[in-house]
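Have a look at the structure below, then the notes.
The values are calculated or read from the model by the stated rules, or taken from the named source; none is laboratory data. In this text, all values refer to a predicted model and were calculated from it rather than measured experimentally. For neighbour counting, all protein chains shown are included, and Cβ atoms are generated from backbone atoms with ideal geometry for every residue, glycine included. Note: accessible area is taken over every heavy atom of the protein model, side chains too, but ligands, DNA and RNA are not part of it. Shrake-Rupley method; radii C 1.70, N 1.55, O 1.52, S 1.80 Å.
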Amino acid sequence: MHDLRSLRALVFWTAFSCLMFELLIARLADFFIGFRNTFLALPVTFLGLALGSLYVHFRPQLAARFSVRGSMLGLAAVSFSTLAAVLVILTRGFTIIAADDAGFYLTDAALKTAVFVAGFIIPFFVFGRILTLCYHVERDHIGRIYSADFFGAALGCFATPVLFHFVSLPEVMLVWMISLSAVVVVFLKMNVRTTAAVAVGLLALTTGSYFAIRWLEGSVEYQYYSRDDDPPTTREIASRWNEFSRVQLVRFEFKKDKRSHYKVIHDDGRSNVHVRAYQPGRTTTPQKLDSLESPFIMQRPVKEALVMFAGCGDEMIRIRELSGDTAHVTGVEINPLCVALPSSAPELADLRIAEFFAHPDVTMRFMEGRAFLMQNQKQYDLIYVGSSAPTALQVTGHTRKYLYTKEALRDYLRALAPHGLLIFDYQSTEFIAQALKHIAAEDGTGPLENKVIFLRSRFGKNVRTPIDLIFAKDGFTPDEVSSLVSYSPDAPAMVRYAPGIANPNAASAAVVNGPLIEADKVVTDDRPFLLDLDFASYRLIPDPEVLQNVRHYESWLRLTTLLGLVAVAGAFIVVASWRRERRAPAPALVYLLISGFCYMLVEVALMAKLELFMQDVTVSMASVITVFLLTTGVGSLAHQRLIGRIGMRAFPFVVAAIVLGSIPLLSLLQQQLVGLPLIGRLLAVAVVVFPIGVALGAFYPWLVSRLVATDHAATVPITYGISTLASVIGASFAMTMMIPWGFTRLLVLGASGYALLGAFILVHSHVLRRPLFTG
């Protein structure tokens, strides 16, 4: 017999290691295989766990040989070796291709992704094997053993982003390796000499691994601007990982042009920050027609300026120079390393970056941009929204998308002085213009025709006709428009739309003068994605040229992953049900598929809805998911009491009502309570999440208890695998369909799923009078 306390500790630390490992490989995916592929970390995790469950299902004799000590040793050995092998292959065998060019290196991307998936599915297989064995061995105490899973995962979820806030990737991995090694030593339960020898060996392995990881991740090769006539050579000067990205300071050398410059690069080049030199007291006049210099060409007074996505201060320095060194400039940047790395690099000392940010007329705020806008009480003559890597605006799990919604535009307009200009540089201007039109119609402020100018952007050389948008709160005068159109020989072609110009670009004019788009097509906080999925053009095996397009590639990847997971789940259930003696009852399969799918549907939608409310990526991940996992663990512990009082026939309907009831509460939080201090927002999140988490945590352990009570104990191992696969399908479905549907519809669908489960249980137990759901 196994000690229940030891097994709970084993499950706790396995879940902790599993969740932390999942978050670590998600960060590695962002950099090594590309930000568009990052979400694959979740399917890899759940598929590995499901395969571990399937292995135990077909090897029932494993339960007799199961030992806590052997499991911990195997877990540590597989995790350490897999991490080392995959890192070596990815860093020494491949080049990091910049995001803009990644579509032209599909073979390279496919190989890297294959290494990533094949390598990291192995440790999750081991995690799944251990967890399944623990659930099977202690199936009579499933509530307590299952709750340890959630509590361990909650700790891992909390610790990882917090660690990344303070230290870089190698140090985070060091903490993970030390914690896993410490648990192995504790579980050895051998004589002092043997324990000491193992401890010393693990310490040496951990120390060596730490220095190897530091060397490996700092010695990667990059390939930027590979399609240019003069592709540069690059040299990384400094780098660090934090909760947002891997940030590297890179020097670019162009041999033909005999020039060089510095950039701050995020991850695989999905976002690039230009580093500009600061010359105290320098003033300039407009040199070219672009969105930033347009206010000064039109001779608009700029005394107070706000720069969003300020990076390392490039646009802030230019505004100071163009204003005659008189404007007060405020910059907002979420990632402090954009300034910290170039400011502290000795090689860049002559650029005087730290001196610029110390200037009394320069204010830099390192915070989430939308949070700044919601808290801001100041008005600005110029609000400049710099390029935020628009290729990434389809990415789930990043708050930058909340700076382009209709609600965000209201915040911009509130912060804009009566005579002020709002500029969006190299953005999806069609969606922004449509949102502005809807706001004007709702507020009765008149048409948009004389308030916007579209310029062809000078940024984005690899994108066809990128557009900048300039909005004037008080409209543009004929003289201002004339000053732009006559500024330079190429100005008439650059100005694609402006009030009163002859022959405006037809597409741009249609956006401004055309009818309002449907309200459900407007980008909002509930559906904050500028790029939609392309369902109409989907092909399972598309032409390579199609995948070179960002929109088509991401649509294809998400849809193909979802279809693939459904196929895997179907095959998994068929294989698991092959032997009659270990076949789970069909009603149990239906129960697991619906409850597992809806669990992740609700969890993902809740996290997305609360992401903006928490105002900070680190706080959001470390609080919302952690609270959800903790409350789910409480539900697992209390499942018998909870369902015993309500009854399983009514319980799914109660859960559906709770989920539906959370929708207006979430809206209330966002609209009325966003100004609360952090502790107030955390308490508000706990109040909303607690009943949902507790309710959802009761479903799986209740079914295991019923299987044991109805003489189906042999099927317990496979239930974890089926529930896990259903969850990953739910997560993949949610992350795919939230783009066209938004978050509220996902919650409604989740609630509908639980109501469907309730109807199924009613029919099965009350009409058919089968025993599984009557306990």
State the dimensionless ratio Rg/Rh of the stretch 177-326 (Rg: radius of gyration of Cα atoms; Rh: Kirkwood radius). 1.24
Reported to the nearest 10 Å², ARG139 has, with a 1.4 Å probe, an accessible area equal to 70
Summed residue charge, Cβ within 13 Å of LEU292's Cβ, Lys/Arg positive, Asp/Glu negative: -1
Cα extents of the stretch 401-529 along the three principal axes, largest first (Å): 44, 34, 26
Can you compute the modelled spin-label distance between LEU756 and ALA85, with each label point 7 Å from Cα toward Cβ, in nm? 3.9
Estimated FRET transfer efficiency when R0 is 45 angstrom, pair ASP140-SER344 (beta carbons, to 0.05): 0.20
Descending packing, highest mean Cβ count within 10 Å first, for 140-150, 14-24, 639-649 is 14-24, 140-150, 639-649
Can you give the translational diffusion coefficient of the stretch 490-628 in µm²/s, computed by Stokes-Einstein from the Kirkwood radius over Cα pairs at 25 °C and 0.890 mPa s? 120
Dividing the Cα convex hull volume of the stretch 632-775 by residue count, how many Å³ per residue is that? 126
Could you state the accessible area per residue of the stretch 644-775 in Å², with a 1.4 Å probe and every protein chain left in place? 38
Need one number: % antiparallel among DSSP beta bridges in the chain, to the nearest 5. 60
Figure the gain on full extension for ASP325 and ARG5 (residue separation times 0.36 nm, minus the Cα-Cα span) and round it to one decimal in nm. 108.4 nm
Which number comes out as Rg/Rh for the stretch 288-436 once both Rg and the Kirkwood Rh are worked out on C-alpha atoms? 0.95
Helix-only mean residue ellipticity at 222 nm, the chain, DSSP H runs n ≥ 4 weighted -39,500 (n - 2.57), per residue, nearest 500. What is it? -18500 deg cm²/dmol
³J(HN,Hα) computed for each position of the stretch 133-149 - Karplus, 6.51 cos²θ - 1.76 cosθ + 1.60, integer Hz, glycine/proline x: 4, 5, 5, 5, 5, 10, 5, 6, 10, 4, x, 6, 6, 6, 5, 4, 4
For peptides 685-694, 757-766, 515-524, sequence by mean Cβ density within 10 Å, most packed first: 685-694, 757-766, 515-524
Over the chain, what percent of the accessible surface lies on carbon and sulfur atoms, probe 1.4 Å? 61
For the stretch 238-322, with every protein chain kept in place, what is the accessible area per residue (1.4 Å probe, Å²)? 36
Sorted by accessible area with a 1.4 angstrom probe, largest first, how do LEU174, LEU540, LEU665, LEU289 fall? LEU540, LEU665, LEU174, LEU289
Using the scaling law 2.2 N^0.38 Å as the reference, what is the normalised Cα Rg of the stretch 163-208? 1.31
What FRET efficiency, computed as 1/(1 + (r/R0)^6) with R0 = 56 Å and r the Cβ-Cβ distance, is obtained for PHE166 and ASN503, rounded to the nearest 0.05? 0.50
Please quote Rg/Rh for the stretch 208-291 to two decimal places, taking the Kirkwood radius as Rh and restricting both calculations to Cα atoms. 1.06
